[in-house]
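All remarks here apply to the structure that follows.
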Amino acid sequence: MRFLAILRKELRECLPWIVLATAVLFVFGYVELFERTIPQNIDYRYRLFSPSNDVYPFDLTKRSLLAGMGQLLLVVSIGLGLAMGIRQFWVDHYAGTWGFTVHRSVNREKILSAKLTAAAIGFVVSIGAIWCLLFLYASKAPNFYVPPAKRIFFEGWVYIVSGLVVYSAAALAGLSTVRWYTTKIFGLAFAAIVLFVMVFQWRLSYAFLALLVGIFVLVVQITQTFLNREF
Amino acid sequence: MFDKIRLIDLMGLWVQISPGSDEPVYVQVAEQISEAIARGELSSGDKLPPVRKLAAELVINPNTVARAYSRLEQAGLVVTKTGSGTYVSDPKLRKADAADFNILTERMDTLITRGLNLGLEQQDLIEMFKTRVEKFTKK
Amino acid sequence: MTETVLESQSLTKYFGKTVAVDHLNLEIPRGCICGFVGRNGAGKTTAIKLMLGLLKPTIGSSKLLGCDSMALTPVIRQRIGYVTEGHRLFRWMSIGRLEKFQRAFFQKQWDERLFADMLEYFGLSKKQKIKHLSNGQRAQVSLALALAPNPELLIMDDPTLGLDAAIRRQFLAGMIELIMREGRTALFSSHILGDVERVSDRIVVIDKGRLRANCTLEQFRNSVKKVKVAFADRAPTEFEIEGLLNCRRSEKELELVLIGTDSNRINEWAKTVGAEKYQIVQMNLEDQFIEYTAPASKGKLFRWEEI
């Protein structure tokens, strides 16, 4: 009951950003895919959604149809991650409502998990859903010369999860009002490193691993700081 | 305080608190009630408002009101009947002790000094005092 | 029911090298209205945040309703009402939405009638959004949200800062309403000593993070005294008396501010220094507070000629 009340509040607060991300992704994604299916635009010298292994997953060049989509997904995910991280962990502080939020008859862990759950839901429901829709659209036979490989679907998710890394970094930065130069920069630098590592992975599974390890480390830090009340 | 209907049944009692004053709040309350008794606005047997009611009305701590009533009781101006309330006492039963007379004398001296400094004659002062007492008790 | 609603042992908080709260040893009994006073930056807000478990102390500990501040259980938090500094509320919510949110945490103890009555009294509608309210109106909503759950312990951090006299009065009335119910305690920090005098049973004075006084209001009022002493010849330049806070001297007069010195001792001392006459003058709370927290042996702010 109480957890839901906080979850509802967190979701409602991030709603404008979630809606914006959904709209941007939907519109630009559709346009991007649509453009690529116009007969004039199809370059038959290149495979559209190559299922073979010699197309590197994150090769942001024209060799994969995912190129444009990948960039779009990454940008929107990072944008939403940043927006939500700031909305959940910075705004309360500067607006002075931190005390009102945190002095509640719930365990402190529940408050944090409500925030993190809201972020996860936001990502899945907006970007995740739209990506699934776009992928389904691309998979329908008449739309594409060669239907996309299943692997592309997961590649898209790597970009989406990258957004969660940025979210975690922004959250951690927001929680470090004391000694701010160390922890704020640490979070952001760490996220940058993780994304960097991710981009250079050959295998999808390693890319996911890099991201999940990154998120895990950041979330552990977030939980510690949040429960330690150093702010 | 947030009731829509506010019943003020203080029997014409008018007590004003000035928090910035030198005198503690309970002294102010006690003094003003005793003035009301002296003026006859409250007569013997009248019931003072319950502590909580007066506290809520004046927006002061109930303990302060209780203190004020206590002070009045010590001065013999009121009597508390357990379970019933606080009532103005019978003037015949009031006792003034030496300390009360001292304060009275002191204050009279202050007034007399003032009057004489203004150039009033002895007779003028007595006349003035008489007029004021009559006016006060007639109210 | 615990008899002490709030206690702290050596509660200390450092922000970097600055000490905000310095070894605070506090004990507040149940059933009183306690006024927390102190100059700007004395550490009142930090102390309150520490006691509510919103900040981690550097040294020491504190307890609210018998439970350690760092481990306040949800059940205990439900019994504690908290009005934050500046009455900060979620700006995007409407009053009704905010009520729903707050109410979700106090299902059984929420007084719906009281909340509705208060809103009606203040002339506010549940549809209004917080961001469209003035400071005063937001404060009123804040008060209603804090009183409706009928808290056992109400802690208000400078609730009347910047508010007009009418709203200040409403806050005081709210505290009095609360205190008349059994077992309730209210604690509020304030700069407005008139308010503190009106409603407080106890006064806690904090100066530069340190506890300077924790007693009943009456004790404080009776302790800080001003004594005007007149001399036939020149007033002495050197003398000693316990509890001397401040001293002003003119040719034939001394004006002393004493703390905790009883009248007999003053009498004796007056005879010893050969005073012609002396008078103990009652001070008002604001003057008492100023004298009490004045920096030691510093003169007045503006220069005056020695008489």
Exclusive hit being of a type in the set (D, E) and closer than 18 Å to C:I33 by Cβ, set B:E57, B:E73, B:E23, B:E35: B:E57
Test: residue in region C:67-82 that is more than 7 Å from chain A (Cβ to nearest Cβ), over 19 Å from the mean Cα position of the chain (by Cα) and polar (S, T, N, Q): yes
The lone exception for C:D157 - which of (1) under 21 Å from A:T101 (Cα atoms); (2) surrounded by fewer than 22 Cβ atoms within 10 Å (Cβ to Cβ); (3) of a type in the set (D, E) it fails: (2)
Residue match in region A:67-88 (condition: within 28 Å of A:V197 (Cα to Cα), under 17 Å from the mean Cα position of the chain (by Cα), crowded, with 19+ Cβ neighbours inside 10 Å and at pLDDT below 80): yes
Subset of region C:226-265 (residues that are assigned to a strand (DSSP E or B) and under 16 Å from C:K277 (Cα atoms)): C:K226, C:V227, C:K228, C:V229, C:A230, C:R249, C:E253, C:L254, C:E255, C:L256
Residues of region C:147-197 classified as farther than 24 Å from C:K108 by Cβ and among the charged types (D, E, K, R), total: 7
Which listed residue is among the charged types (D, E, K, R), out of contact with any Pro (no Cβ under 9 Å at 6 or more places or on another chain) and within 10 Å of another protein chain (Cβ to nearest Cβ), from B:E23, B:E106, B:E31: B:E23
Region C:61-78 residues that are within 10 Å of C:E7 (Cα to Cα) and in a strand (DSSP E or B), paired with ones that are of a type in the set (S, T, Y) and at pLDDT 90 or above (beta carbon under 6 Å, 6 or more apart): C:S62/C:S8; C:S62/C:S69
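Test of understanding: among B:V65, B:V88, B:V51, B:V59, which residue is within 30 Å of C:G174 (Cβ to Cβ) and under 14 Å from the mean Cα position of the chain (by Cα)?
Details: B:V88 fails: within 30 Å of C:G174 (Cβ to Cβ); B:V51 fails: under 14 Å from the mean Cα position of the chain (by Cα); B:V59 fails: under 14 Å from the mean Cα position of the chain (by Cα).
Just one listed residue meets the conditions, B:V65.
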All positions within region A:76-132 that are in contact with a Cys (Cβ under 9 Å, 6 or more places away or on another chain) and within 14 Å of chain C (Cβ to nearest Cβ): A:R87, A:Q88
Set C:L98, C:L133: member being surrounded by 15 or more Cβ atoms within 10 Å (Cβ to Cβ) and more than 18 Å from A:R8 (Cα to Cα): C:L133
Neighbours by Cβ (under 6 Å, 6+ apart or cross-chain): first from region C:15-29, over 18 Å from C:G66 (Cβ atoms) and away from chain A (no Cβ under 14 Å); second surrounded by 14 or more Cβ atoms within 10 Å (Cβ to Cβ) and of a type in the set (K, R): C:V21/C:K13; C:D22/C:R210
Filter result (within 9 Å of the chain's Cα centre (by Cα) and within 14 Å of another protein chain (Cβ to nearest Cβ)) within region C:193-213: C:L193, C:V196, C:S200, C:R202, C:I203
From the options C:S69, C:S10, residue that is on the phi < 0 side of the Ramachandran plot, in the same structural domain as C:P159 (by TED's automatic domain parsing) and either β-branched (V, I, T) or modelled with pLDDT of 90 or more (or both): C:S69
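Yes or no, residue by residue, for (1) at pLDDT below 90; (2) crowded, with 22+ Cβ neighbours inside 10 Å; (3) not aromatic (F, W, Y):
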{"position": "C:L163", "(1), (2), (3)": "no, no, yes"}
{"position": "C:H191", "(1), (2), (3)": "yes, no, yes"}
{"position": "C:I203", "(1), (2), (3)": "no, yes, yes"}
{"position": "C:R210", "(1), (2), (3)": "no, no, yes"}
{"position": "C:P236", "(1), (2), (3)": "yes, no, yes"}
{"position": "C:E242", "(1), (2), (3)": "yes, no, yes"}
{"position": "C:R249", "(1), (2), (3)": "yes, no, yes"}
{"position": "C:L254", "(1), (2), (3)": "yes, no, yes"}
Which listed residue is in the same structural domain as B:V15 (by TED's automatic domain parsing), modelled with pLDDT of 85 or more and either part of a helix (DSSP H, G or I) or over 30 Å from C:I179 (Cα atoms) (or both), from B:L72, B:L111, B:L116, B:L120: B:L72
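For every residue, the table says whether it meets (1) free of Cβ contacts under 8 Å to residues at least 24 places away in the same chain; (2) touching a Phe, Trp or Tyr at 6+ places or on another chain (Cβ under 9 Å).
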site	(1), (2)
C:I179	no, no
C:G194	no, no
C:D201	no, no
C:V204	no, yes
C:A213	no, yes
C:T216	yes, no
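Quick one: how many residues across region B:123-139 are in a helix (DSSP H, G or I) and under 30 Å from B:Q74 (Cβ atoms)?
Number satisfying all stated conditions: 8.
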Residue match in region C:35-49 (condition: in a helix (DSSP H, G or I), in the same structural domain as C:R198 (by TED's automatic domain parsing) and touching a Phe, Trp or Tyr at 6+ places or on another chain (Cβ under 7 Å)): yes
Residue among C:R113, C:R169 that alone is more than 30 Å from C:N40 (Cα to Cα) and out of contact with any Leu (no Cβ under 8 Å at 6 or more places or on another chain): C:R113
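Residues are listed down the side, and each one gets a yes or a no for (1) surrounded by 14 or more Cβ atoms within 10 Å (Cβ to Cβ); (2) hydrophobic (A, V, I, L, M, F, W, C):
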residue	(1), (2)
B:G45	no, no
B:S70	yes, no
B:D100	no, no
B:I103	no, yes
Selected residue (criterion: surrounded by the fewest Cβ atoms within 10 Å (Cβ to Cβ)) from residues of region C:79-95 that are touching a residue at least 60 places away in the same chain (Cβ under 8 Å) and not hydrophobic (A, V, I, L, M, F, W, C): C:E85
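The values are calculated or read from the model by the stated rules, or taken from the named source; none is laboratory data. Since the model is a prediction, treat every value here as computed from it, not as a measurement. Neighbour counts are summed over all protein chains in view; Cβ atoms, including those assigned to glycine, are modelled from backbone coordinates with ideal geometry.
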